[in-house]
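J.: Below: one structure in structure tokens.
The values are calculated or read from the model by the stated rules, or taken from the named source; none is laboratory data. Values in this document were obtained by computation on a predicted structure and should not be read as measured data. Here Cβ is always computed from backbone atoms with ideal geometry, including for glycine, and neighbour counts include all displayed protein chains. Protein only, heavy atoms only, side chains kept; ligands, DNA and RNA dropped before computing areas. Shrake-Rupley method; radii C 1.70, N 1.55, O 1.52, S 1.80 Å.
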There are 2 protein chains.
Amino acid sequence: MATPQLTKNQTMVMDALSHSEGPLSAYTILDKLRDQGFRAPLQVYRALDKLLEYGLVHRLESLNAFVACTCPHEHEHDHGVTAFTICEGCGQVTEFHDIAIEQRLSALTRAQSFKTEKTTIEIRGHCQSCV
Amino acid sequence: MATPQLTKNQTMVMDALSHSEGPLSAYTILDKLRDQGFRAPLQVYRALDKLLEYGLVHRLESLNAFVACTCPHEHEHDHGVTAFTICEGCGQVTEFHDIAIEQRLSALTRAQSFKTEKTTIEIRGHCQSCV
DNA sequence: ATCGCACACGTTATAGCATAACGCAATTGA
DNA sequence: TCAATTGCGTTATGCTATAACGTGTGCGAT
């Protein structure tokens, strides 16, 4: 799926996420964008839906929050399974991809004839700096 | 951590989950237990917190819901990383454990000196019966 | 024995996350 | 030109989770 030109709202939400140190909740994004005319949660959620669809943003299920994708050069193609480490101390999120895990999961789901649509891998813990 | 005797509330919540076909949200559990005297969400959440701690129940982050653990014989010991397939069609959840994935994730986090506390793996898709 | 502590419980209120349902405006393409 | 699609704005609502308060009970230490 090629990424079309982003709309004004989508661009504002994308910028908010890109310039953030860590993940943001939809309501935090809303607060950041109130100055720029945002008034309602739906404005954020609608933009996020599209950004997720385009693969520019990831949703962190265990945080109910969103991060900009850190693979800017891979926006044109599906980059398979995405995994995250999430530091409970500093909030830092690191995105990574691992073909071995992807293949192993693929083998396991194939064994139960399960058709995978979306895979969530999130590792909560503490990063090197946060002991 | 040995599993202590469950309290009355914990037992009721556990039973609700055990007898359910699929995952239940906290509020769905509350509704099921109103007849038996439950009145408030916290009664459910407090019981769930303990059941999670004892490893009798798992939380599905991508559904905001809970399932009874399907490894009844392993309650005494930590059974490492737990993964789930979740069918969008029938709602069926299958729990599984894979040492290869666990080891691979362990190697990857060790490489970034990340100390893992909890790992979430949830695969959304469709089961064999639901095409 | 009784004091202090830990723990489960009950209740009310509130915070945080997400979507339904309506209507309007702009774009596109048959 | 008309219909279909898409994005947008607004109000209202629903679902998920926790804060803050107080009560009661069991139990070990002094």
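J.: A:Pro4 versus (1) part of a helix (DSSP H, G or I); (2) within 11 Å of DNA strand D (Cβ to nearest atom): which is the lone unmet condition?
T.: Exception for A:Pro4: condition (1).
J.: Sticking with this structure for a sec: Output the residues belonging to the range A:39-60 that are more than 22 Å from B:Glu61 (Cα to Cα) and more than 8 Å from DNA strand D (Cβ to nearest atom).
T.: Result: A:Tyr54, single match.
J.: Would you check which residues across the range A:34-56 are within 26 Å of A:Thr94 (Cβ to Cβ) and touching a helix residue (DSSP H, G or I) at 6+ places or on another chain (Cβ under 9 Å) and list them? Before the answer, list the steps.
T.: Narrowing the range A:34-56 to residues within 26 Å of A:Thr94 (Cβ to Cβ): A:44-45, A:47-56.
Within the range A:34-56, A:Val44, A:Tyr45, A:Ala47, A:Leu48, A:Lys50, A:Leu51, A:Tyr54, A:Gly55, A:Leu56 meet the criteria.
J.: While we're looking at this one, here's another question. Residue by residue through the range A:1-17, note down the ones that are closer than 26 Å to A:Gln92 by Cβ and open to solvent by 60 Å² or more (accessible area, probe 1.4 Å).
T.: Within the range A:1-17, A:Asp15 is the sole residue that qualifies.
J.: Of the residues in the range A:21-41, how many are modelled with pLDDT under 95 and within 12 Å of DNA strand C (Cβ to nearest atom)?
T.: 0
J.: On to the next question. Here's a check for you: in the range A:80-131, which residue that is touching a Gly at 6+ places or on another chain (Cβ under 8 Å), in a helix (DSSP H, G or I) and more than 7 Å from chain B (Cβ to nearest Cβ) is least open to solvent (accessible area, probe 1.4 Å)?
T.: For the range A:80-131, the residue satisfying everything is A:Cys130.
J.: Additional query: Only one of these is under 27 Å from A:Asn9 (Cα atoms), open to solvent by 60 Å² or more (accessible area, probe 1.4 Å) and among the hydrophobic types (A, V, I, L, M, F, W, C): A:Leu33, A:Leu42. Name it.
T.: A:Leu42
J.: Working carefully through the options A:Val81, A:Val67, A:Val44, A:Val93, find the one that is within 12 Å of DNA strand C (Cβ to nearest atom), among the hydrophobic types (A, V, I, L, M, F, W, C) and within 28 Å of B:Gly125 (Cβ to Cβ).
T.: Values: A:Val81 fails: within 12 Å of DNA strand C (Cβ to nearest atom); A:Val67 fails: within 12 Å of DNA strand C (Cβ to nearest atom); A:Val93 fails: within 12 Å of DNA strand C (Cβ to nearest atom).
One residue alone meets the criteria, A:Val44.
J.: Does B:Glu61 meet the test of being within 14 Å of chain A (Cβ to nearest Cβ), surrounded by 12 or more Cβ atoms within 10 Å (Cβ to Cβ) and within 11 Å of DNA strand C (Cβ to nearest atom)? Spell out the reasoning first.
T.: Working: within 14 Å of chain A (Cβ to nearest Cβ): yes; surrounded by 12 or more Cβ atoms within 10 Å (Cβ to Cβ): yes; within 11 Å of DNA strand C (Cβ to nearest atom): yes.
Spelling it out, B:Glu61 is indeed within 14 Å of chain A (Cβ to nearest Cβ), surrounded by 12 or more Cβ atoms within 10 Å (Cβ to Cβ) and within 11 Å of DNA strand C (Cβ to nearest atom).
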